[in-house]
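Here's the structure, in structure tokens; my notes come after.
The values are calculated or read from the model by the stated rules, or taken from the named source; none is laboratory data. Just so it is clear, the structure is predicted and the values come from calculations on it, not from any experiment. Methodologically, a virtual Cβ is constructed for each residue, glycine included, from the backbone with ideal geometry; neighbour enumeration extends over all protein chains shown.
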Amino acid sequence: MKIIKYFFEFIIISLLFLIYKILGLKISSFISGKLFEFFGPLFRSKQIIKSNIQRAIPQINLQEMNNIKDSMWNNYGRTLSEYMFLKNFRNKKLKSNIQLEGGEILEQIKNEKTPVIFVSGHFSNFELMAMQIEKSGVNLAAIYRPLNNIFLNVLMERIRKKYICKNQIKKGAGGVRQLLKLYKKGYSIALMIDQRVSEGTKSKFFNENAFTTTIPAQFIKKFDCKVVPIYIERFNNINFKIKVEKPIEFSKDSSTEKITRDLNIWLEKMILKDPGKWIWSHNRWK
């Protein structure tokens, strides 16, 4: 039954992509955002989203919570439509839609040819961050989680490899081995640290334990590498500001737990900057 369900999802998304391409970025982003605001809550657990928001913002009132949920679904929809315009974001056509702060840091990483670990979360249109890093000339490998829908996953992998980052590494033990090989060849690594992982460690995240990736900590302790946080904001609907922060130099003697917790603290601050632009629908504390 799942195969049939996945196939129909693939057909629907493919048709939407075709419509988006015809309508153009501005109109399709608006329409897709509204569609997700209406239909999103019908397909994802409202209780999980409510519980997650309350964990992070205990004193939140009902109106603020509803605003965050609406904004999250709207951003979800806009991001989906923007996959059809990644080519234009990458080339000069939509260059003015992305503002970059910290470009000199990327330039330094490129010139020094010493790989780093870029860390971020699923903020706004998160795909644009790895794209911008690679566009800047930094050799990059990005970790991703394959979609459950096998039909859509083939499509999305093709889009990501073509327009976002050529080296897409599947999460998991096999992926870590690939990362090690690429890192030793001078490739920096980009990964999202806000996903629940089974192979990680339990670390405090908004004051509750959550399984968190230890890949940054492993690479720091093995290679003494720097960690570079990167954040993206959406503004005026289809415009973005990417901020590359100064590298963090952890001591090799720091414990895996301390490094992981420190990165979670950074992640919490970024989420609270604009909670409506983070994905609350995943069961992060499962």
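Restricting 170, 181 to residues that are of a type in the set (D, E, K, R), out of contact with any Lys or Arg (no Cβ under 9 Å at 6 or more places or on another chain) and surrounded by fewer than 18 Cβ atoms within 10 Å (Cβ to Cβ) narrows the list to 181.
Residue 278 meets the conditions (1) farther than 22 Å from residue 78 by Cβ; (2) of a type in the set (Phe, Trp, Tyr); (3) under 14 Å from the mean Cα position of the chain (by Cα) in every case but one. The failed one is (1).
Look at segment 11-30: where a residue is closer than 20 Å to residue 235 by Cα and free of Cβ contacts under 8 Å to residues at least 60 places away in the same chain and a partner is surrounded by 17 or more Cβ atoms within 10 Å (Cβ to Cβ) and not hydrophobic (A, V, I, L, M, F, W, C), sitting 6+ places away or on another chain with Cβ atoms under 9 Å, you get 27/20; 28/20; 28/78; 28/81; 28/82. Take the conditions (1) assigned to a helix (DSSP H, G or I); (2) surrounded by fewer than 19 Cβ atoms within 10 Å (Cβ to Cβ); (3) hydrophobic (A, V, I, L, M, F, W, C); residue 73 misses just one of them, which is (2). When residue 117 is tested against (1) over 21 Å from residue 167 (Cβ atoms); (2) surrounded by 16 or more Cβ atoms within 10 Å (Cβ to Cβ); (3) not polar (S, T, N, Q), just one condition goes unmet, and that condition is (1). Among the residues of segment 179-231, which ones are among the β-branched types (Val, Ile, Thr) and part of a loop (DSSP other than H, G, I, E, B)? Once the filter is applied, which keeps residues that are among the β-branched types (Val, Ile, Thr) and part of a loop (DSSP other than H, G, I, E, B), segment 179-231 yields 193, 197, 213, 214.
Considering 22, 105, the condition of being surrounded by fewer than 17 Cβ atoms within 10 Å (Cβ to Cβ), among the β-branched types (Val, Ile, Thr) and assigned to a helix (DSSP H, G or I) is satisfied by 22 alone. For the condition outside any loop (DSSP other than H, G, I, E, B) and touching a residue at least 40 places away in the same chain (Cβ under 8 Å), residue 284 does not qualify.
This table checks each residue for (1) crowded, with 22+ Cβ neighbours inside 10 Å; (2) β-branched (Val, Ile, Thr); (3) under 30 Å from residue 30 (Cβ atoms).
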{"site": "186", "(1), (2), (3)": "no, no, no"}
{"site": "197", "(1), (2), (3)": "no, yes, no"}
{"site": "200", "(1), (2), (3)": "no, no, no"}
{"site": "207", "(1), (2), (3)": "no, no, no"}
{"site": "217", "(1), (2), (3)": "yes, no, no"}
{"site": "228", "(1), (2), (3)": "yes, yes, no"}
{"site": "231", "(1), (2), (3)": "yes, no, yes"}
{"site": "238", "(1), (2), (3)": "no, yes, yes"}
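Within segment 164-187, the set of residues being under 15 Å from the mean Cα position of the chain (by Cα) and over 13 Å from residue 140 (Cα atoms) comprises 170, 171. Of the residues making up segment 241-257, those that are touching a Phe, Trp or Tyr at 6+ places or on another chain (Cβ under 8 Å) and charged (D, E, K, R) number 3. Cβ separations smaller than 9 Å between residues 6+ apart or across chains give the following pairs from segment 88-102 residues that are closer than 16 Å to residue 237 by Cβ to residues that are acidic (Asp, Glu) and in a helix (DSSP H, G or I): 89/82; 89/127. Of the listed requirements (1) within 30 Å of residue 97 (Cα to Cα); (2) modelled with pLDDT under 95, residue 267 misses just one: (2).
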